[in-house]
1. From Cα pairs below 8 angstrom and at least 6 apart in sequence, can you work out the relative contact order of the chain, rounded to a whole percent?
2. For the chain, count the residues as N, evaluate 2.2 N^0.38 Å, and divide the Cα radius of gyration by that value, please.
3. Once R0 is set to 25 Å, what does the formula 1/(1 + (r/R0)^6) return for the Cβ-Cβ distance between Arg33 and Val53, expressed as a FRET efficiency to the nearest 0.05?
4. Tell me the chymotrypsin sites (Phe, Trp or Tyr not before Pro) within the range 1-55 that lie in a loop according to DSSP and have at most 13 other beta-carbon atoms within 10 Å.
5. Nearest 500 deg cm²/dmol is fine: what mean residue ellipticity at 222 nm does the chain get from its DSSP H runs of n ≥ 4 alone, each adding -39,500 (n - 2.57), divided by its residue count?
6. Quick one: Karplus J couplings for the range 50-67, per residue in order, coefficients 6.51, -1.76, 1.60, θ = phi - 60°, nearest Hz, x for Gly and Pro?
Amino acid sequence: MNAWVRALIAVVVGNALWFVVLQPQFPPALRHRPFAYDLGLLLDFLVCLVLYVLLGRVGRRRKQDAA
């Protein structure tokens with residue numbers, strides 16, 4: 001899986017996970033407001049970043065197992 005596809009998957013799945021599952025559980029101060037730089041945007045970014053890293057590790061592990 002190349003980096004562009006991995007990033008696309010991480011952003012789409014990460015945003016869906018954040019906005020549907022995680023954000024409603026947080027207090028209003030930690031939720032993202034549209035068109036604003038806030039703590040909710042940072043948390044959304046961190047969710048996507050974690051998914052990107054995990055997808056990279058899974059891809060490397062599969063490549064090593066195949067060799």
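1. 38 percent
2. On the way: Rg = 14.4 Å, N = 67, 2.2 N^0.38 = 10.9 Å.
Dividing the Cα radius of gyration by 2.2 N^0.38 Å gives 1.32.
3. Numbers: r = 27 Å, r/R0 = 1.07.
It comes to 0.40.
4. Phe35, Tyr37
5. On the way: 2 runs with 42 residues, N = 67.
It comes out at -21500 deg cm²/dmol, rounded to the nearest 500.
6. These are the phi-based 3J(HN,Hα) values: 4, 5, 4, 5, 4, 4, x, 5, 5, x, 5, 5, 5, 5, 5, 5, 6, 7 Hz.
The numbers here are math on the coordinates, done by the rules we state, and not lab data. What you see is a predicted model; the values in this text were computed from it and never measured. For neighbour counting, all protein chains shown are included, and Cβ atoms are generated from backbone atoms with ideal geometry for every residue, glycine included.
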